[in-house]
Amino acid sequence: MRVRTASLPSLRDLDPRRRIRSLGFPYTSAPTPASVEPLPGPALGDRYDSDWARSPIARATRVVAQETVGRAVTTALCRPRVHNRDRMEDLEGPAVFVANHHSHLDTGLLIGSLPRPWRHEVVVAAAADYFFDTPARAAAAAWFWGAVPMERQRVSRRGALAAAELIEEGWSLAIFPEGGRSPDGWGQAHKGGAAYLAARCGVPVVPVHMDGTDLVLPKGRRRPTPHRVTVNFGAPMHRDGEDARRFSARIEATLEVLADETRSDWYSARLAAARGETPSLRGPEFSTWRRDWLLEGSRAGRPGVSSSRRSVRDRARGNDPW
Amino acid sequence: MKYEALRFEDSPTRFAAAFLASSLRPGAGGSVGPLRHRTDIDPPALPGPDWVHVTPRLSGICGSDLAALDGRSSRWFEPVVSLPFVPGHEVVADHEGRRVVLEPVLGCTARGTNPPCRPCSEGRTGNCERLEHGCVSPGMQTGFCEDTGGGWSTLMAAHPSQLHTVPDDLDDEAAVMVEPTACALHGALAAEVGRDETAAVLGGGTMGLAAIAALARWSPPRRLLVVARHPHQRRLATGLASGTEVTVVSDGEELRAARRITGSMLTGSGQHQRVAGGVDVTIDCVGSGESITSALALTRPGGRVVLIGMPSRSTLDLTPLWQREISVRGAYTYGTETLEGESVRTFELSMELVAAAGLGALVSAHYPLRRATDATSHAARAGSRGATKICFDMRDAPDTEGRP
Amino acid sequence: MSRQHEHRPRPGLVMPVDRSTPPVLMHHGEQLRLQRLPADRSRVIYPPEPLEPIEDEGAAIREALDNPIDSDPLDQRLFAGMRLTIAFDDVSLPLPPMRAPDIRQRIIEAVLDRAAAAGVDDVHLIAALALHRRMTEAELRHAVGDRVYDALAPRGQLYNHDAEDPDGMVLLGTTDHGEEVEISRRAAESDLIVYVNVNLVAMDGGWKSTATGLSGYRALRHHHNPATMTHSRSFMDRHNSELHHSNWRQGEVLRSAGVEVFQIETTLNNDLYGNGPMSVLAKREWEWTARDRAGFVATRAALDRMRPGTRRKVMHRWRAPYGLTSVQAGEVEAVHEVTTRNVYRQQLVEVEGQTDVLLFGLPYISPYNVDSILNPILVHCLGLGYFFNLYRGRPLVREGGVVIMSHPTTPEFNPVHHPSYIDFFEEVLPETTDPVEMAERFEKDYANDEWYRHLYRTGHAYHGVHPFYMWYWGAHALDHLGGVVVLGGDPATVRRLGYRPASTLDDALEIASDLVGPTPTITYFKNPPLMMADVK
């Protein structure tokens, strides 16, 4: 018998991407010739048209995906405890769900925690510059989360107007008014969009506080660490004659009370609120090691003890734009 | 006194083998069939008082030879053939220091039958009625007769009446074309094509090309249609027909071409398409069932068809012959032609035509006798191999005993 | 995702080929090829993008009829009791056929509306097909619409032009060049001819509509001949086209014979493929999205695997979503000037300088094989007739240069549409490919052949003389070129056409270099979609 001496093909040769690249055009795209002015790219960012993601087929497949893959991931990583959904008993019709934001898991967790029918009739305001920067990412976000683009850096009302239209059509909106994930675990100042939209459309705001997702997958980390997470629903809030800016401040304050409630108990939180002693989510005004130190303390009551803390190194490694 | 020859032997097994082999591949009969290359044959005894020995220089391979080799000759010939025989009836030979071509028909003069039969006495030697009589064994021509030998050899017998001296300006290749040209010429003149008639010639082999040359020279039609399968045949046909209004097409195109040149109509479609009118006269130089069918389809009602090619056994639908009242006639060998009121021997006209039209150029290849298999297979597929006439060449044969 | 025209339609593009240029799309009959071109000496001419179509076609048509150029409004030229003849372009325009509703239908309906309002009873509609094949009922219905067809055809008032009807044609005179002028008797004896044109290329329209579309062999032979075609440089550029000069002279005779023509001309954009599955064919290769590329690979593979007949059926089923870019009406010559400008607006591409070797990829369709086979003679006509002549100024290829065209060129014919083509291929081409010689030796026979006449008048056959015209169409190119190579063509057929066959572009260029020298410059004229080179 003859022995074949040829070596096995290397893994590099088997890599399908390499193989396709070696086939060349039309299996790969062609470079734009130097002498040619390239076409304006496809409409992305806040110009992205996500209508297709609300077609019946897209909705049906999204429900399936969220209820299987989405729920499995959330359950595995967060084992969420959802409190006080009964506060939404009297809610009817669309609402604006306002939540604090620490992690990519927040969106899935929030949607998964919503009661029906809102769970499957909600769109999520997502950063136009982050989630809608390439056609593939835009399509994935629009399909899986029902995301709609929302501009958060540039002054543009395109996203807000589109969201308002959707609310008027009967969709609820989930929005993170901090405008992005927390860089250090402390909360950030709220932007006014959520209050503005609720006021404009005359729908209630439901504040939701999620505690612990920063321990699972904070900004800057790539590997999640499973950790128990608490979701706390607040009572629906209506604008009470005040302007949108004040309404926004009231929403932020309510979220802080909800956070306090999660970490102490309902009555203690009410008392602290009545005394005006509710701890701020934003953290102290200085920005040294003491901020981190105090963050640990605010959660555990004993500064600097927990071992499952994310380190400053974790955050420093992050290269996310936000 | 031995000589070299290819001899067609009386062997039923070999006949059967040839028949089988040739059904797989035309021309295959040459290798397994009754034709044997012999170098130990006794020279033919001179059958009659005037007969002489001649030594062939070139001898052509004819379609009828190939049919015999493949075991596909018509049994019609059985009484007028005597086995074993040496084939070869297209012969140019040496005789007493001069070159001669052989007029192979074994008519009354050569057989010494006296008085001659009526066709012979009228000069129509091809129609001789005494082909089984006289001093020679049965045989319609030299090359199918046991006693005379044939052209595919280094020595044969001939009657002086069969010999025509070749003028010096005609080379051997031209001379070997004289006999086949005479056949085609005879058929072409038998078609009696009028100047204002349209004519079609089917086939671009030796016969077809010679017939075209004959028509062009002596009875050009108003429009001539030539159907030839192979490109070189069409090229040669165009050249030979120069001076006449000719349309040369490939087979499969003839129906439309006939319609075009006659200004007629086509009716039906596909397999049932036919031309409503047609040419006045069609000369079939192929002689297969298909070619005769095609000839009948091309010819106008009341028109004529002349068969130069040997048809053998064919299956064909004669309805058009009946419905269109077409006359069909055969044209076999030669004799005497009447041209503008004068009687001329076909062979004399043929020599004139071969010289004038340069038909010697149709000889495409020579083979020595020992390469008989190559030669016959080349001849059987001459068209597709770009050839026309294939010859045996005995000019370089080693001097055999008895060569004068 | 649909192609979103957020940008304005871009003009044509002349792109030099370098080593990073991808292979470019090339039509190969019903098939598609990607062809890599030699770097640093080739260029590709891309057609302009489709112009924005007119949004309100109805309003544009009304405007054209109410405010015609150099003519009274149509309403004023219609009166009760008049004889009105509406002639329209046949199935050869546009290519591929237009998605319903055809622009002819919209215009004819608008004209008939007005005629009805004016009380005109005697209206005839004639498909002005000259010596082309008669249109089938389905084709007529597509062109004029069911409403018009059902109203007029059963009464015998809608029919195909018949140039061989001995009683149907009338000789109106002779030009000062001795050219006879003969048109349909019905048209000539009408009080008004309304001619509805689709001006797909710059050749169409003007006096060529009436003087050619409604005439016959007797008049056509004066300009459809080798001498005229050799001196039409090009026949897409009216002012340098002997063909058009002759037609204009014949038009002059028509005018002085009192024939009244109200000319309506339309121009279309070159949107052949729309946004559907074929849209990739109109895109530039580096702009192909992943979906385009996947679609292309699948389409190409599918087409390559189909039997030729199926492939042909698939391709000929395509209807193009053209958009109307202009409609103008009135006096023939004035209208035609405006039309030509509009055609140029869509089709002209400025090209600097000539080339040694000009490359075409011939598509599956030409004006003469709608729902039929692009036979070898039409390959000649499409390549050397149409594509070669799509220039203004100078030919794209230099004198003595070489044209390479990519097409399978199989000896296939449609016996119903092209009976005389088959005979032309079998009888004439083996004898000669020289237009002048074939005109002298064969043309008359074919033109007067009873059978062809019969098939032209009763069947759907092109006239007997038509293959000659197809060959003359390439006369200027044959005169100008040093040689023609057919890429991927059937060798025997290609040789019969008088060209050289080549199986690869490298071979073709090797053959070409015998004629134009080593390392020739190459220009690939990436047509379709239609364009016209403005060669400086």
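Conditions (1) touching a strand residue (DSSP E or B) at 6+ places or on another chain (Cβ under 8 Å); (2) charged (D, E, K, R); (3) under 26 Å from B:Cys285 (Cβ atoms), marked per residue:
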position	(1), (2), (3)
B:Phe8	yes, no, yes
B:Pro26	no, no, yes
B:Pro34	yes, no, no
B:Val54	yes, no, no
B:Val80	no, no, yes
B:Val86	yes, no, no
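Picking from residues in region A:28-38 that are of a type outside the set (Val, Ile, Thr) and surrounded by 14 or more Cβ atoms within 10 Å (Cβ to Cβ), the one that is nearest to the other protein chains (Cβ to nearest Cβ) is A:Ala30. Taking region C:292-325 only, how many residues are assigned to a helix (DSSP H, G or I) and of a type in the set (S, T, N, Q)? The qualifying residues number 2. So which residues in region C:282-307 are under 23 Å from C:Pro408 (Cβ atoms) and of a type in the set (S, T, N, Q)? Answer for region C:282-307, where residues must be under 23 Å from C:Pro408 (Cβ atoms) and of a type in the set (S, T, N, Q): just C:Thr299. Taking the criterion of being of a type in the set (A, V, I, L, M, F, W, C), open to solvent by less than 20 Å² (accessible area, probe 1.4 Å) and under 18 Å from C:Asp506 (Cα atoms), the residues of region C:33-52 that qualify are C:Leu37, C:Val44. Quick check: is even one residue across region C:350-369 open to solvent by 10 Å² or more (accessible area, probe 1.4 Å) and assigned to a helix (DSSP H, G or I)? Scanning region C:350-369 turns up no residue that is open to solvent by 10 Å² or more (accessible area, probe 1.4 Å) and assigned to a helix (DSSP H, G or I).
Every listed requirement among (1) of a type outside the set (Lys, Arg); (2) under 30 Å from A:Gly41 (Cα atoms); (3) open to solvent by 30 Å² or more (accessible area, probe 1.4 Å) is met by A:Ala147 save one, (3). Scanning region B:296-311 for residues that are open to solvent by 50 Å² or more (accessible area, probe 1.4 Å) and part of a loop (DSSP other than H, G, I, E, B) yields one hit, B:Met310. Annotation: A:Glu256 fulfils all but one of (1) of a type in the set (D, E, K, R); (2) surrounded by 15 or more Cβ atoms within 10 Å (Cβ to Cβ); (3) at pLDDT below 85; the unmet one is (3).
Considering every residue within region C:396-409, establish whether at least one is open to solvent by less than 10 Å² (accessible area, probe 1.4 Å), over 19 Å from C:Leu509 (Cα atoms) and either touching an Asp or Glu at 6+ places or on another chain (Cβ under 6 Å) or assigned by TED's automatic domain parsing to the domain that holds C:Trp471 (or both). Scanning region C:396-409, I find no residue that is open to solvent by less than 10 Å² (accessible area, probe 1.4 Å), over 19 Å from C:Leu509 (Cα atoms) and either touching an Asp or Glu at 6+ places or on another chain (Cβ under 6 Å) or assigned by TED's automatic domain parsing to the domain that holds C:Trp471 (or both), so the answer is no.
So that you can scan it fast, the table gives a plain yes or no per residue for (1) within 13 Å of chain C (Cβ to nearest Cβ); (2) assigned to a helix (DSSP H, G or I):
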{"site": "B:Ala199", "(1), (2)": "no, no"}
{"site": "B:Ala211", "(1), (2)": "no, yes"}
{"site": "B:Val248", "(1), (2)": "yes, no"}
{"site": "B:Leu255", "(1), (2)": "yes, yes"}
{"site": "B:Ala258", "(1), (2)": "yes, yes"}
{"site": "B:Gly287", "(1), (2)": "no, no"}
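Looking for something over 22 Å from C:Gly400 (Cβ atoms) and surrounded by fewer than 24 Cβ atoms within 10 Å (Cβ to Cβ) - is there at least one such residue anywhere in region C:478-489? Yes: region C:478-489 contains one or more residues that are over 22 Å from C:Gly400 (Cβ atoms) and surrounded by fewer than 24 Cβ atoms within 10 Å (Cβ to Cβ). Scanning region C:230-245 for residues that are touching a Pro at 6+ places or on another chain (Cβ under 8 Å), open to solvent by less than 10 Å² (accessible area, probe 1.4 Å) and part of a helix (DSSP H, G or I) turns up nothing.
For region A:167-194, residues that are of a type in the set (Ser, Thr, Tyr) and more than 19 Å from A:Glu256 (Cβ to Cβ) total 1. In a residue-by-residue description of region C:480-490, the property of being over 19 Å from the mean Cα position of the chain (by Cα) and either within 16 Å of C:Ala227 (Cα to Cα) or at the interface with chain B (Cβ under 10 Å from one of its Cβ atoms) (or both) applies to at least one position.
Conditions (1) touching a Leu at 6+ places or on another chain (Cβ under 8 Å); (2) within 14 Å of another protein chain (Cβ to nearest Cβ); (3) surrounded by 17 or more Cβ atoms within 10 Å (Cβ to Cβ), marked per residue:
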| site | (1), (2), (3) |
| --- | --- |
| C:Tyr273 | yes, no, yes |
| C:Gly295 | no, yes, yes |
| C:Arg305 | no, no, no |
| C:Thr325 | yes, no, yes |
| C:Ala329 | yes, no, yes |
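For (1) more than 14 Å from chain A (Cβ to nearest Cβ); (2) under 24 Å from C:Leu348 (Cα atoms), each residue gets a yes or a no:
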residue: C:Pro9; (1), (2): no, yes
residue: C:Met15; (1), (2): no, yes
residue: C:His27; (1), (2): yes, yes
residue: C:Arg33; (1), (2): no, no
residue: C:Ala39; (1), (2): no, no
residue: C:Pro53; (1), (2): yes, yes
residue: C:Leu65; (1), (2): yes, no
residue: C:Phe79; (1), (2): yes, no
residue: C:Ala87; (1), (2): yes, no
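Among the residues of region B:267-287, those identified as modelled with pLDDT of 90 or more and either in contact with a Pro (Cβ under 6 Å, 6 or more places away or on another chain) or over 14 Å from B:Val305 (Cβ atoms) (or both) are B:Val275, B:Ala276, B:Gly277, B:Gly287. When we screen B:Thr165, B:Thr125 for residues that are open to solvent by 10 Å² or more (accessible area, probe 1.4 Å), over 18 Å from B:Ala45 (Cα atoms), in contact with a helix residue (DSSP H, G or I) (Cβ under 8 Å, 6 or more places away or on another chain) and assigned by TED's automatic domain parsing to the domain that holds B:Gly60, the only hit is B:Thr125. Scanning region A:39-54 for residues that are open to solvent by 70 Å² or more (accessible area, probe 1.4 Å) and facing another protein chain (nearest Cβ under 8 Å) yields A:Pro40, A:Pro42. Of the residues in region B:64-77, at least one is farther than 23 Å from B:Glu4 by Cβ and basic (Lys, Arg). The residues of region B:220-246 that are small (Gly, Ala, Ser), buried (at least 18 other Cβ atoms within 10 Å of the Cβ) and part of a loop (DSSP other than H, G, I, E, B), listed by number, are B:Ala228, B:Ala241.
Within the set B:Leu321, B:Leu316, the sole residue that is open to solvent by 20 Å² or more (accessible area, probe 1.4 Å), outside any strand (DSSP E or B) and either in the same structural domain as B:Ile61 (by TED's automatic domain parsing) or closer than 17 Å to B:Ala258 by Cβ (or both) turns out to be B:Leu321. Hey, any hits in region C:156-175 for a residue that's out of contact with any helix residue (DSSP H, G or I) (no Cβ under 7 Å at 6 or more places or on another chain) and assigned to a helix (DSSP H, G or I)? No: zero hits. Just one of the listed residues (A:Ala174, A:Ala194) is farther than 16 Å from A:His83 by Cβ, open to solvent by less than 10 Å² (accessible area, probe 1.4 Å), in contact with a strand residue (DSSP E or B) (Cβ under 6 Å, 6 or more places away or on another chain) and not in a helix (DSSP H, G or I), and it is A:Ala174.
With the structure loaded, tell me whether B:Thr293 is surrounded by fewer than 15 Cβ atoms within 10 Å (Cβ to Cβ) and not assigned by TED's automatic domain parsing to the domain that holds B:Glu122 or whether it fails that test. No: the conditions fail for B:Thr293.
Taking region A:206-253 as the range and being open to solvent by 20 Å² or more (accessible area, probe 1.4 Å) and in a helix (DSSP H, G or I) as the test, the residues that pass are A:Ala244, A:Arg245, A:Arg246, A:Ala249, A:Arg250, A:Glu252, A:Ala253.
The values are calculated or read from the model by the stated rules, or taken from the named source; none is laboratory data. As the structure is a computational prediction, the values presented were derived from the model and not from experiment. Cβ sites come from the backbone with ideal geometry, for glycine too, and all protein chains shown count toward neighbours. Note: accessible area is taken over every heavy atom of the protein model, side chains too, but ligands, DNA and RNA are not part of it. Shrake-Rupley method; radii C 1.70, N 1.55, O 1.52, S 1.80 Å.
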